[in-house]
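Asks: Have a look at this one before I ask anything.
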Amino acid sequence: MAETAAPATKKNLSLRTSPAALLRAAFETGSVRGSAELSETSFLTMVGVRVNRDSGAGQRIASVTGGLPAKCGEVAGAGDTSVLWLGPEEFMVVAPVEAHESLGGDLLQALREALADGEGQVVDLSANRTTFELTGPRSRAVLEKGCSLDLHPRVLKSGTALSTEIGNIPVVLWKISDESFRIFPRASFAEFLGRWLLDAMREYASPEVP
Amino acid sequence: MLLISCPNCGSRDETEFHYGGQAHVPYPENPNELNDVEWSRYLFYRENTKGAFAERWLHSTGCRQWFNMLRDTVTYDIQAIYPMGTPRPDSPAATSSNPGTKPGTTAPEGATK
């Protein structure tokens, strides 16, 4: 928990283990350069926010994060802080590692102060999910093997985040650009989903069968 | 596989949803005054409708919100999707004028489960 986090020291940081750390080497060897590359981005700061965006507290929180998304799929935010829509009154704030208060960041504190005694929640969920980055021209084909959403760029635009299932694992899928996706699985599913994605990527390492 | 149109998220696979049983089963006003038979009626007895059936669904993998659905138990045709707490849109006229209904998003005729 944030309240019990010790002050940042070199020792603390080296002891942290990300949920898919076990697969780091496998991601390295399993990535197909120029086709589909997979990596884990560890320890991003994530904050679960539950608030009515039209309430006073919602507007105060929006001014901290740079807006709250209005509907499913939208991503709001300013600078390197993004807010993903999870539900009508539920949002996920994603920020860089340094934004966490155990590393001296003030994002959580600012959000808590913005909520004040308004109706809602601000909860540090940084350890809840990990982040996979899937990039490359084949990344859509990899995801389509286990995701029932229409991932065609005509339907799924860049800058859209949807919570859905990939390989039967509940994830938040965020399309960063035409050929790159961020996938947020819960920590306990990270290893399974990592191996599932590696398996889905494997065919692109071989020459295409005409 | 059903395609269910969530009021918040749009059309999604049935696997993203959880079934919540029959809709519009009111909690007894004075549960303490019920005898065991009446209480068991409330707890366990549900309609076994052939045809249009009002039921609750939860979009558990998406927006995590509950909603009601009017579904044909024979054809799986989804006739209406409407918010929790609103009355059942029974007649065809009420169905077409319901704001929660999105035309053209029902499952195809004869969709199998």
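Please treat every number below as a calculation from the coordinates, not as lab data. Because the structure is predicted, anything quoted here is derived from the model rather than measured. In this analysis, Cβ positions are derived from the backbone assuming ideal geometry, glycine residues included, and neighbour counts consider all displayed protein chains.
Asks: Give me D for the range B:3-97 in µm² s⁻¹, whole number, from Stokes-Einstein with Rh from the Kirkwood sum over alpha-carbon pairs, 10 °C and 1.306 mPa s. Before the final figure, lay out the partial values.
Replies: On the way: Rh = 14.6 Å.
Once the numbers are plugged in, D ends up at 109 µm²/s.
Asks: Hey, what do the phi angles of the range A:143-150 turn into as Karplus ³J(HN,Hα) couplings, whole Hz, using 6.51/-1.76/1.60 and θ = phi - 60°, x for Gly and Pro?
Replies: Karplus-based 3J(HN,Hα) across the range A:143-150 equals 5, 5, 6, x, 10, 8, 5, 7 Hz.
Asks: Over the range A:44-126, what is the mean sequence separation of C-alpha contacts under 8 Å (at least six apart), divided by residue count, expressed as relative contact order in percent?
Replies: Dividing the mean separation by the residue count of the range A:44-126 yields 40 percent.
Asks: Assuming a viscosity of 1.306 mPa s and a temperature of 10 °C, what translational diffusion coefficient in µm² per second does Stokes-Einstein assign to the range A:106-181, Rh being the Kirkwood radius over Cα pairs?
Replies: D = 109 µm²/s.
Asks: Let me ask you something else. Using only the alpha-carbon atoms of chain A as identical scatterers, what base-10 log of I(q)/I(0) does the Debye formula give at q = 0.09, 0.10, 0.11 Å⁻¹?
Replies: Treating every Cα as an identical point scatterer, log10 I(q)/I(0) equals -0.37, -0.46, -0.55.
Asks: While we're looking at this one, here's another question. Starting from the Cα of B:Arg88, step 7 Å toward the Cβ, then list every residue of the range B:33-73 with an amide N under 17 Å from that point.
Replies: Backbone N within reach: B:42-57, B:67-73.
Asks: If the viscosity is 0.692 mPa s and the temperature 37 °C, what Stokes-Einstein diffusion coefficient in µm²/s follows for the range A:38-160 when Rh is the Kirkwood radius over Cα pairs? Could you put the intermediate results ahead of the total?
Replies: Numbers: Rh = 15.4 Å.
The Stokes-Einstein estimate is 212 µm²/s.
Asks: List the relative contact order of chain A as a percent without decimals, with contacts defined as Cα pairs under 8 Å and 6+ residues apart.
Replies: The value is 24 percent.
Asks: Which chymotrypsin sites (Phe, Trp or Tyr not before Pro) in the range B:1-88 sit in a loop by DSSP (not H, G, I, E or B) and have at most 12 other Cβ atoms within 10 Å of their own Cβ?
Replies: When the chymotrypsin sites (Phe, Trp or Tyr not before Pro) of the range B:1-88 are filtered for loop state and at most 12 Cβ neighbours within 10 Å, B:Tyr45 remain.
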